[in-house]
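Data first, discussion second: the structure below is written as C-alpha coordinates.
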(Lines give C-alpha, C1' and ligand atoms only; values in the text may rest on other atoms or scores of the structure.)
Protein backbone atom coordinates (compact mmCIF):
# COMPACT_ATOMS: atom_id res chain seq x y z
CA UNK A 1 0.00 0.00 0.00
CA UNK A 2 1.14 3.57 -0.61
CA UNK A 3 1.91 5.35 2.66
CA UNK A 4 2.44 9.06 3.28
CA UNK A 5 4.07 10.03 6.57
CA UNK A 6 4.19 13.72 7.47
CA UNK A 7 7.03 14.51 9.86
CA UNK A 8 10.72 13.58 9.94
CA UNK A 9 11.32 13.37 13.69
CA UNK A 10 11.11 10.30 15.89
CA UNK A 11 7.41 9.51 15.42
CA UNK A 12 7.52 9.97 11.64
CA UNK A 13 10.65 7.86 11.32
CA UNK A 14 9.19 5.13 13.48
CA UNK A 15 5.92 4.92 11.52
CA UNK A 16 7.80 5.07 8.21
CA UNK A 17 10.27 2.36 9.20
CA UNK A 18 7.57 0.03 10.49
CA UNK A 19 5.30 0.38 7.47
CA UNK A 20 8.29 0.00 5.11
CA UNK A 21 9.35 -3.11 7.00
CA UNK A 22 5.87 -4.50 6.35
CA UNK A 23 6.49 -4.06 2.62
CA UNK A 24 4.55 -0.85 2.02
CA UNK A 25 5.66 1.89 -0.35
CA UNK A 26 6.53 4.83 1.92
CA UNK A 27 7.19 8.49 1.26
CA UNK A 28 8.20 10.52 4.33
CA UNK A 29 7.42 14.21 4.00
CA UNK A 30 9.19 17.17 5.53
CA UNK A 31 9.08 20.92 4.97
CA UNK A 32 12.40 21.19 3.16
CA UNK A 33 13.99 17.84 2.22
CA UNK A 34 17.37 19.36 1.39
CA UNK A 35 17.54 21.09 4.77
CA UNK A 36 16.40 17.91 6.56
CA UNK A 37 19.16 15.91 4.83
CA UNK A 38 21.78 18.60 5.46
CA UNK A 39 21.47 18.48 9.26
CA UNK A 40 24.43 16.79 10.87
CA UNK A 41 23.74 17.37 14.57
CA UNK A 42 21.02 16.06 16.89
CA UNK A 43 18.17 18.53 17.37
CA UNK A 44 17.27 20.25 20.65
CA UNK A 45 15.36 17.14 21.77
CA UNK A 46 18.35 14.90 21.06
CA UNK A 47 16.86 13.35 17.92
CA UNK A 48 19.75 12.09 15.76
CA UNK A 49 20.19 13.76 12.38
CA UNK A 50 17.81 12.52 9.70
CA UNK A 51 20.54 11.50 7.24
CA UNK A 52 22.07 9.16 9.80
CA UNK A 53 18.74 7.37 10.24
CA UNK A 54 17.88 7.49 6.54
CA UNK A 55 21.12 5.73 5.66
CA UNK A 56 19.63 2.62 7.30
CA UNK A 57 16.28 3.04 5.53
CA UNK A 58 17.14 3.40 1.82
CA UNK A 59 13.71 2.11 0.69
CA UNK A 60 11.94 5.10 2.29
CA UNK A 61 11.82 8.07 -0.04
CA UNK A 62 12.11 11.54 1.41
CA UNK A 63 9.96 14.29 -0.10
CA UNK A 64 8.03 17.40 0.74
CA UNK A 65 4.83 17.32 2.79
CA UNK A 66 3.03 17.67 -0.56
CA UNK A 67 4.94 14.70 -2.05
CA UNK A 68 4.11 12.46 0.89
CA UNK A 69 0.45 13.48 0.97
CA UNK A 70 -0.01 13.04 -2.78
CA UNK A 71 1.67 9.63 -2.64
CA UNK A 72 -0.16 8.12 0.31
CA UNK A 73 -3.42 6.18 0.14
CA UNK A 74 -3.37 6.49 3.92
CA UNK A 75 -1.64 9.34 5.72
CA UNK A 76 -0.01 9.75 9.13
CA UNK A 77 0.32 13.15 10.77
CA UNK A 78 3.51 12.71 12.78
CA UNK A 79 4.46 16.38 12.92
CA UNK A 80 4.84 18.34 16.12
CA UNK A 81 1.43 19.63 17.08
CA UNK A 82 2.55 23.24 16.92
CA UNK A 83 3.36 22.77 13.22
CA UNK A 84 0.62 20.35 12.20
CA UNK A 85 -1.84 22.75 10.58
CA UNK A 86 0.93 24.45 8.63
CA UNK A 87 2.40 21.13 7.49
CA UNK A 88 -1.02 19.93 6.37
CA UNK A 89 -1.52 23.22 4.55
CA UNK A 90 1.76 22.64 2.72
CA UNK A 91 0.60 19.10 1.95
CA UNK A 92 -2.45 20.67 0.36
CA UNK A 93 -6.16 20.10 0.82
CA UNK A 94 -6.40 18.32 -2.53
CA UNK A 95 -3.87 15.68 -1.54
CA UNK A 96 -5.69 15.07 1.76
CA UNK A 97 -9.13 14.69 0.18
CA UNK A 98 -10.95 11.50 0.98
CA UNK A 99 -8.00 9.81 2.67
CA UNK A 100 -7.78 8.42 6.16
CA UNK A 101 -5.38 10.62 8.12
CA UNK A 102 -4.15 9.13 11.38
CA UNK A 103 -3.44 12.15 13.58
CA UNK A 104 -0.79 11.25 16.14
CA UNK A 105 0.10 14.83 17.07
CA UNK A 106 -0.20 16.52 20.45
CA UNK A 107 -0.85 20.26 20.96
CA UNK A 108 2.13 20.72 23.26
CA UNK A 109 3.16 24.29 24.00
CA UNK A 110 6.75 24.52 25.20
CA UNK A 111 6.77 28.33 25.06
CA UNK A 112 6.23 28.67 28.82
CA UNK A 113 8.92 26.14 29.71
CA UNK A 114 8.59 22.67 31.18
CA UNK A 115 6.33 20.89 31.61
CA UNK A 116 4.55 21.97 28.42
CA UNK A 117 0.95 23.09 28.53
CA UNK A 118 -1.52 22.53 25.68
CA UNK A 119 -2.12 25.28 23.12
CA UNK A 120 -5.67 24.03 22.59
CA UNK A 121 -7.73 22.01 25.07
CA UNK A 122 -10.90 21.59 27.07
CA UNK A 123 -13.55 22.85 24.62
CA UNK A 124 -11.55 22.14 21.45
CA UNK A 125 -8.61 20.02 20.32
CA UNK A 126 -6.01 19.79 17.60
CA UNK A 127 -7.78 16.66 16.43
CA UNK A 128 -10.85 18.83 15.75
CA UNK A 129 -8.93 21.77 14.31
CA UNK A 130 -7.50 19.59 11.54
CA UNK A 131 -10.81 18.49 9.97
CA UNK A 132 -12.25 21.96 10.56
CA UNK A 133 -9.38 23.34 8.47
CA UNK A 134 -9.33 20.44 5.97
CA UNK A 135 -12.93 19.16 5.89
CA UNK A 136 -12.23 16.55 3.22
CA UNK A 137 -9.54 14.76 5.22
CA UNK A 138 -10.87 11.79 7.20
CA UNK A 139 -9.11 12.44 10.46
CA UNK A 140 -8.77 9.70 13.08
CA UNK A 141 -6.95 10.55 16.30
CA UNK A 142 -4.81 7.64 17.46
CA UNK A 143 -1.54 6.70 19.16
CA UNK A 144 -0.89 10.16 20.61
CA UNK A 145 -0.99 8.57 24.08
CA UNK A 146 2.17 6.44 23.81
CA UNK A 147 5.81 6.98 22.88
CA UNK A 148 6.97 6.26 19.34
CA UNK A 149 8.54 2.91 20.03
CA UNK A 150 5.35 1.52 21.57
CA UNK A 151 3.18 2.85 18.75
CA UNK A 152 4.43 0.16 16.39
CA UNK A 153 5.45 -2.48 18.93
CA UNK A 154 3.00 -2.66 21.83
CA UNK A 155 4.12 -6.23 22.54
CA UNK A 156 7.30 -4.93 24.14
CA UNK A 157 5.23 -4.27 27.31
CA UNK A 158 3.46 -7.21 28.97
CA UNK A 159 2.87 -8.88 25.62
CA UNK A 160 0.67 -5.99 24.50
CA UNK A 161 -1.83 -6.17 27.35
CA UNK A 162 -2.52 -2.40 27.35
CA UNK A 163 -4.65 -0.01 25.38
CA UNK A 164 -4.89 2.11 22.27
CA UNK A 165 -7.70 4.60 21.61
CA UNK A 166 -9.23 6.02 18.45
CA UNK A 167 -11.61 8.91 17.76
CA UNK A 168 -12.99 10.13 14.45
CA UNK A 169 -16.09 11.04 12.51
CA UNK A 170 -15.73 8.79 9.46
CA UNK A 171 -16.59 5.14 10.16
CA UNK A 172 -14.62 3.78 7.20
CA UNK A 173 -11.50 5.77 8.01
CA UNK A 174 -11.79 4.72 11.63
CA UNK A 175 -12.09 1.07 10.64
CA UNK A 176 -9.04 1.48 8.41
CA UNK A 177 -7.03 3.01 11.25
CA UNK A 178 -8.15 0.31 13.67
CA UNK A 179 -6.99 -2.22 11.08
CA UNK A 180 -3.57 -0.55 10.93
CA UNK A 181 -3.32 -0.61 14.72
CA UNK A 182 -4.33 -4.24 15.02
CA UNK A 183 -2.93 -5.88 11.90
CA UNK A 184 0.18 -3.82 11.15
CA UNK A 185 1.29 -2.58 14.56
CA UNK A 186 0.03 -5.41 16.78
CA UNK A 187 -2.40 -3.64 19.11
CA UNK A 188 -4.72 -6.18 20.75
CA UNK A 189 -6.85 -3.73 22.72
CA UNK A 190 -8.29 -0.75 20.81
CA UNK A 191 -11.07 1.40 22.31
CA UNK A 192 -13.27 3.40 19.94
CA UNK A 193 -14.06 6.56 21.95
CA UNK A 194 -16.46 8.02 19.41
CA UNK A 195 -16.37 11.06 17.18
CA UNK A 196 -13.45 13.44 16.78
CA UNK A 197 -14.46 15.53 19.81
CA UNK A 198 -13.01 12.64 21.84
CA UNK A 199 -9.61 13.97 20.72
CA UNK A 200 -10.05 16.44 23.61
CA UNK A 201 -9.81 13.67 26.15
CA UNK A 202 -6.94 11.96 24.34
CA UNK A 203 -4.90 15.15 24.12
CA UNK A 204 -5.75 16.26 27.67
CA UNK A 205 -4.29 12.98 28.89
CA UNK A 206 -0.84 14.25 27.89
CA UNK A 207 -0.15 16.18 31.12
CA UNK A 208 -0.82 12.97 33.07
CA UNK A 209 1.38 11.05 30.60
CA UNK A 210 4.21 13.51 31.27
CA UNK A 211 3.79 13.11 35.03
CA UNK A 212 3.80 9.33 34.72
CA UNK A 213 6.93 9.55 32.55
CA UNK A 214 8.55 11.29 35.51
CA UNK A 215 7.20 8.84 38.07
CA UNK A 216 8.00 5.72 36.05
CA UNK A 217 11.36 7.05 34.92
CA UNK A 218 10.94 5.88 31.33
CA UNK A 219 8.68 6.75 28.39
CA UNK A 220 8.09 3.05 27.83
CA UNK A 221 4.79 2.68 29.65
CA UNK A 222 1.11 2.78 28.89
CA UNK A 223 -2.23 2.40 30.60
CA UNK A 224 -4.54 -0.58 30.59
CA UNK A 225 -8.21 0.04 31.24
CA UNK A 226 -9.26 -2.39 33.96
CA UNK A 227 -12.94 -3.29 34.04
CA UNK A 228 -15.11 -5.81 35.86
CA UNK A 229 -14.56 -8.17 32.94
CA UNK A 230 -10.77 -7.83 32.72
CA UNK B 1 -9.32 9.20 64.52
CA UNK B 2 -11.50 12.27 64.04
CA UNK B 3 -12.61 12.61 60.41
CA UNK B 4 -14.18 15.61 58.70
CA UNK B 5 -15.86 14.97 55.35
CA UNK B 6 -17.03 17.99 53.34
CA UNK B 7 -19.86 17.10 50.98
CA UNK B 8 -23.09 15.15 51.38
CA UNK B 9 -23.42 13.61 47.92
CA UNK B 10 -22.21 10.20 46.78
CA UNK B 11 -18.47 10.74 47.29
CA UNK B 12 -18.89 12.30 50.72
CA UNK B 13 -21.28 9.59 51.86
CA UNK B 14 -18.97 6.87 50.59
CA UNK B 15 -15.88 8.26 52.35
CA UNK B 16 -17.88 8.88 55.53
CA UNK B 17 -19.39 5.39 55.56
CA UNK B 18 -16.05 3.68 54.95
CA UNK B 19 -14.15 5.62 57.58
CA UNK B 20 -16.99 5.13 60.10
CA UNK B 21 -16.99 1.42 59.33
CA UNK B 22 -13.29 1.39 60.20
CA UNK B 23 -14.19 2.79 63.62
CA UNK B 24 -13.32 6.43 63.09
CA UNK B 25 -15.30 9.32 64.53
CA UNK B 26 -16.89 11.01 61.52
CA UNK B 27 -18.65 14.32 61.01
CA UNK B 28 -20.05 14.89 57.53
CA UNK B 29 -20.43 18.56 56.65
CA UNK B 30 -22.92 20.21 54.35
CA UNK B 31 -23.96 23.80 53.71
CA UNK B 32 -27.29 23.62 55.52
CA UNK B 33 -27.84 20.43 57.53
CA UNK B 34 -31.56 21.07 58.01
CA UNK B 35 -32.08 21.50 54.28
CA UNK B 36 -29.96 18.42 53.51
CA UNK B 37 -32.08 16.34 55.90
CA UNK B 38 -35.33 17.78 54.61
CA UNK B 39 -34.83 16.59 51.02
CA UNK B 40 -37.08 13.69 50.19
CA UNK B 41 -36.43 13.26 46.47
CA UNK B 42 -33.33 12.14 44.53
CA UNK B 43 -31.33 15.06 43.14
CA UNK B 44 -30.81 15.85 39.44
CA UNK B 45 -28.02 13.25 39.26
CA UNK B 46 -30.24 10.58 40.80
CA UNK B 47 -28.51 10.61 44.19
CA UNK B 48 -30.99 9.29 46.79
CA UNK B 49 -32.07 11.73 49.49
CA UNK B 50 -29.55 12.15 52.31
CA UNK B 51 -31.96 11.21 55.08
CA UNK B 52 -32.61 7.85 53.47
CA UNK B 53 -28.88 7.07 53.45
CA UNK B 54 -28.29 8.60 56.88
CA UNK B 55 -30.89 6.33 58.42
CA UNK B 56 -28.47 3.46 57.76
CA UNK B 57 -25.48 5.37 59.15
CA UNK B 58 -26.58 6.61 62.59
CA UNK B 59 -22.99 6.81 63.89
CA UNK B 60 -22.11 9.51 61.35
CA UNK B 61 -22.96 12.99 62.61
CA UNK B 62 -24.22 15.58 60.18
CA UNK B 63 -23.06 19.15 60.63
CA UNK B 64 -22.11 22.28 58.78
CA UNK B 65 -18.94 22.51 56.70
CA UNK B 66 -17.48 24.40 59.67
CA UNK B 67 -18.50 21.63 62.10
CA UNK B 68 -16.89 18.92 59.96
CA UNK B 69 -13.70 20.91 59.39
CA UNK B 70 -13.31 21.81 63.06
CA UNK B 71 -13.89 18.19 64.08
CA UNK B 72 -11.56 16.45 61.67
CA UNK B 73 -7.89 15.73 62.28
CA UNK B 74 -7.85 14.79 58.61
CA UNK B 75 -10.26 16.31 56.09
CA UNK B 76 -11.78 15.13 52.82
CA UNK B 77 -13.02 17.58 50.20
CA UNK B 78 -15.83 15.61 48.59
CA UNK B 79 -17.83 18.58 47.37
CA UNK B 80 -18.63 19.24 43.73
CA UNK B 81 -15.69 21.11 42.24
CA UNK B 82 -17.84 24.09 41.32
CA UNK B 83 -18.66 24.59 45.01
CA UNK B 84 -15.38 23.54 46.62
CA UNK B 85 -13.82 26.94 47.27
CA UNK B 86 -17.06 28.27 48.72
CA UNK B 87 -17.52 25.19 50.91
CA UNK B 88 -13.95 25.47 52.19
CA UNK B 89 -14.55 29.16 52.85
CA UNK B 90 -17.59 28.24 54.95
CA UNK B 91 -15.46 25.62 56.70
CA UNK B 92 -13.10 28.43 57.60
CA UNK B 93 -9.37 28.88 57.14
CA UNK B 94 -8.78 28.40 60.87
CA UNK B 95 -10.36 24.97 60.87
CA UNK B 96 -8.28 23.91 57.84
CA UNK B 97 -4.97 25.08 59.29
CA UNK B 98 -2.24 22.48 59.45
CA UNK B 99 -4.48 19.57 58.51
CA UNK B 100 -4.10 17.14 55.64
CA UNK B 101 -6.97 17.81 53.21
CA UNK B 102 -7.54 15.07 50.65
CA UNK B 103 -9.00 16.91 47.68
CA UNK B 104 -11.15 14.51 45.64
CA UNK B 105 -13.01 17.18 43.69
CA UNK B 106 -13.06 17.73 39.93
CA UNK B 107 -13.53 21.14 38.25
CA UNK B 108 -16.40 19.95 36.07
CA UNK B 109 -18.40 22.62 34.29
CA UNK B 110 -21.84 21.40 33.25
CA UNK B 111 -23.00 24.86 32.19
CA UNK B 112 -22.40 24.13 28.50
CA UNK B 113 -24.16 20.77 28.58
CA UNK B 114 -22.75 17.28 28.27
CA UNK B 115 -20.04 16.23 28.30
CA UNK B 116 -18.82 18.73 30.90
CA UNK B 117 -15.71 20.77 30.27
CA UNK B 118 -13.34 21.91 33.04
CA UNK B 119 -13.69 25.37 34.56
CA UNK B 120 -9.97 25.46 35.28
CA UNK B 121 -7.29 23.46 33.46
CA UNK B 122 -4.04 23.39 31.54
CA UNK B 123 -2.01 26.09 33.34
CA UNK B 124 -3.86 25.85 36.65
CA UNK B 125 -6.09 23.42 38.54
CA UNK B 126 -8.64 23.30 41.32
CA UNK B 127 -6.06 21.36 43.32
CA UNK B 128 -3.82 24.43 43.15
CA UNK B 129 -6.58 26.98 43.69
CA UNK B 130 -7.44 25.46 47.06
CA UNK B 131 -4.02 25.94 48.74
CA UNK B 132 -3.66 29.31 47.01
CA UNK B 133 -6.90 30.36 48.72
CA UNK B 134 -6.21 28.52 51.99
CA UNK B 135 -2.41 28.45 52.28
CA UNK B 136 -2.41 26.72 55.66
CA UNK B 137 -4.35 23.68 54.47
CA UNK B 138 -2.11 20.79 53.46
CA UNK B 139 -3.83 19.81 50.25
CA UNK B 140 -3.22 16.43 48.64
CA UNK B 141 -5.05 15.64 45.41
CA UNK B 142 -6.18 12.03 45.33
CA UNK B 143 -8.94 9.67 44.18
CA UNK B 144 -10.52 12.16 41.75
CA UNK B 145 -9.79 9.66 38.95
CA UNK B 146 -12.18 6.89 40.02
CA UNK B 147 -15.84 6.58 40.92
CA UNK B 148 -16.92 6.71 44.56
CA UNK B 149 -17.38 3.00 45.03
CA UNK B 150 -13.85 2.21 43.84
CA UNK B 151 -12.32 4.93 46.01
CA UNK B 152 -12.82 2.89 49.15
CA UNK B 153 -12.90 -0.60 47.61
CA UNK B 154 -10.36 -0.95 44.79
CA UNK B 155 -10.33 -4.72 45.30
CA UNK B 156 -13.69 -5.00 43.54
CA UNK B 157 -11.76 -4.78 40.22
CA UNK B 158 -9.12 -7.45 39.50
CA UNK B 159 -8.21 -7.71 43.16
CA UNK B 160 -7.04 -4.09 43.19
CA UNK B 161 -4.45 -4.41 40.43
CA UNK B 162 -4.91 -0.83 39.22
CA UNK B 163 -3.69 2.59 40.22
CA UNK B 164 -4.24 5.55 42.50
CA UNK B 165 -2.33 8.83 42.20
CA UNK B 166 -1.44 11.56 44.68
CA UNK B 167 -0.06 15.08 44.32
CA UNK B 168 0.73 17.63 46.98
CA UNK B 169 3.34 19.98 48.40
CA UNK B 170 3.52 18.80 52.01
CA UNK B 171 5.45 15.54 52.45
CA UNK B 172 3.84 14.66 55.77
CA UNK B 173 0.32 15.28 54.53
CA UNK B 174 1.06 13.27 51.42
CA UNK B 175 2.39 10.39 53.49
CA UNK B 176 -0.75 10.56 55.63
CA UNK B 177 -2.99 10.45 52.55
CA UNK B 178 -1.00 7.58 51.06
CA UNK B 179 -1.48 5.78 54.36
CA UNK B 180 -5.24 6.31 54.15
CA UNK B 181 -5.28 5.00 50.59
CA UNK B 182 -3.23 1.92 51.40
CA UNK B 183 -4.23 1.01 54.92
CA UNK B 184 -7.83 2.19 55.15
CA UNK B 185 -9.10 1.91 51.59
CA UNK B 186 -6.96 -0.97 50.30
CA UNK B 187 -5.05 0.61 47.42
CA UNK B 188 -2.01 -1.51 46.55
CA UNK B 189 -0.61 0.72 43.81
CA UNK B 190 -0.23 4.44 44.61
CA UNK B 191 1.87 6.73 42.38
CA UNK B 192 3.26 9.93 43.88
CA UNK B 193 3.18 12.38 40.96
CA UNK B 194 4.91 15.20 42.78
CA UNK B 195 3.82 18.62 43.94
CA UNK B 196 0.30 20.04 43.72
CA UNK B 197 0.80 21.27 40.15
CA UNK B 198 0.37 17.60 39.20
CA UNK B 199 -3.32 18.13 40.00
CA UNK B 200 -3.50 19.58 36.48
CA UNK B 201 -2.79 16.21 34.95
CA UNK B 202 -5.09 14.38 37.35
CA UNK B 203 -7.99 16.75 36.66
CA UNK B 204 -7.34 16.88 32.90
CA UNK B 205 -7.71 13.09 32.84
CA UNK B 206 -11.43 13.55 33.56
CA UNK B 207 -12.49 14.05 29.93
CA UNK B 208 -10.82 10.74 29.05
CA UNK B 209 -12.47 9.14 32.09
CA UNK B 210 -15.85 10.32 30.83
CA UNK B 211 -15.15 8.89 27.36
CA UNK B 212 -14.05 5.58 28.85
CA UNK B 213 -17.20 5.54 30.99
CA UNK B 214 -19.13 5.69 27.71
CA UNK B 215 -16.98 3.06 25.99
CA UNK B 216 -16.92 0.65 28.93
CA UNK B 217 -20.59 1.22 29.76
CA UNK B 218 -20.00 1.43 33.50
CA UNK B 219 -18.25 3.80 35.92
CA UNK B 220 -16.63 0.81 37.57
CA UNK B 221 -13.26 0.87 35.80
CA UNK B 222 -9.83 2.30 36.31
CA UNK B 223 -6.45 2.41 34.63
CA UNK B 224 -3.38 0.41 35.47
CA UNK B 225 -0.03 1.85 34.49
CA UNK B 226 1.83 -0.88 32.62
CA UNK B 227 5.62 -0.62 32.63
CA UNK B 228 8.51 -2.84 31.60
CA UNK B 229 8.53 -4.20 35.13
CA UNK B 230 4.81 -4.91 35.43
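For residue A:195, the requirement of being more than 8 Å from chain B (Cβ to nearest Cβ), within 16 Å of residue A:139 (Cβ to Cβ) and surrounded by fewer than 24 Cβ atoms within 10 Å (Cβ to Cβ) is met.
Inside segment B:94-118, can you point out the residues that are closer than 17 Å to residue B:139 by Cβ and surrounded by 17 or more Cβ atoms within 10 Å (Cβ to Cβ)?
Here is the first cut: in segment B:94-118, the ones closer than 17 Å to residue B:139 by Cβ are B:94-107.
Once the filter is applied, which keeps residues that are closer than 17 Å to residue B:139 by Cβ and surrounded by 17 or more Cβ atoms within 10 Å (Cβ to Cβ), segment B:94-118 yields B:95, B:96, B:99, B:100, B:101, B:102, B:103, B:104, B:105, B:106, B:107.
The residue list A:164, A:215, A:137, A:173 contains one member that is at the interface with chain B (Cβ under 8 Å from one of its Cβ atoms) and either modelled with pLDDT of 95 or more or over 24 Å from residue A:73 (Cα atoms) (or both), which is A:215.
Do we have residue B:228 as within 7 Å of chain A (Cβ to nearest Cβ) and farther than 26 Å from residue A:198 by Cα here? Criteria met by residue B:228. In summary, residue A:200 fulfils each of the numbered conditions (1) touching a helix residue (DSSP H, G or I) at 6+ places or on another chain (Cβ under 6 Å); (2) facing chain B (nearest Cβ under 7 Å); (3) surrounded by fewer than 19 Cβ atoms within 10 Å (Cβ to Cβ) with the single exception of condition (3).
Do you know which residues across segment A:134-144 are surrounded by 17 or more Cβ atoms within 10 Å (Cβ to Cβ) and assigned to a loop (DSSP other than H, G, I, E, B)?
Looking only at segment A:134-144, we keep the residues that are surrounded by 17 or more Cβ atoms within 10 Å (Cβ to Cβ), and these are A:134, A:137-144.
A:134, A:137, A:143, A:144, listed by residue number.
Going by what's in this entry, would residue A:91 be described as in contact (Cβ under 8 Å) with a residue 40 or more places away in the chain, within 18 Å of residue A:45 (Cα to Cα) and buried (at least 22 other Cβ atoms within 10 Å of the Cβ)? So residue A:91 fails the test. May I ask you to verify whether residue A:28 is surrounded by 22 or more Cβ atoms within 10 Å (Cβ to Cβ), more than 26 Å from residue A:171 (Cβ to Cβ) and touching a strand residue (DSSP E or B) at 6+ places or on another chain (Cβ under 8 Å)? Answer is yes for this residue. Of all residues in segment B:5-24, those that are outside any helix (DSSP H, G or I), on the phi < 0 side of the Ramachandran plot and touching a residue at least 40 places away in the same chain (Cβ under 8 Å) total 5. Residues of segment B:150-185 being over 16 Å from the mean Cα position of the chain (by Cα) and either surrounded by fewer than 19 Cβ atoms within 10 Å (Cβ to Cβ) or closer than 21 Å to residue B:5 by Cα (or both), which ones? Residues satisfying the conditions are B:155, B:156, B:158, B:159, B:161, B:169, B:170, B:171, B:172, B:175, B:183.
The values are calculated or read from the model by the stated rules, or taken from the named source; none is laboratory data. No experiment lies behind these values; they were computed from the predicted model shown. With ideal geometry, Cβ positions are generated from the backbone for all residues, glycine too; neighbour counts draw on all protein chains shown.
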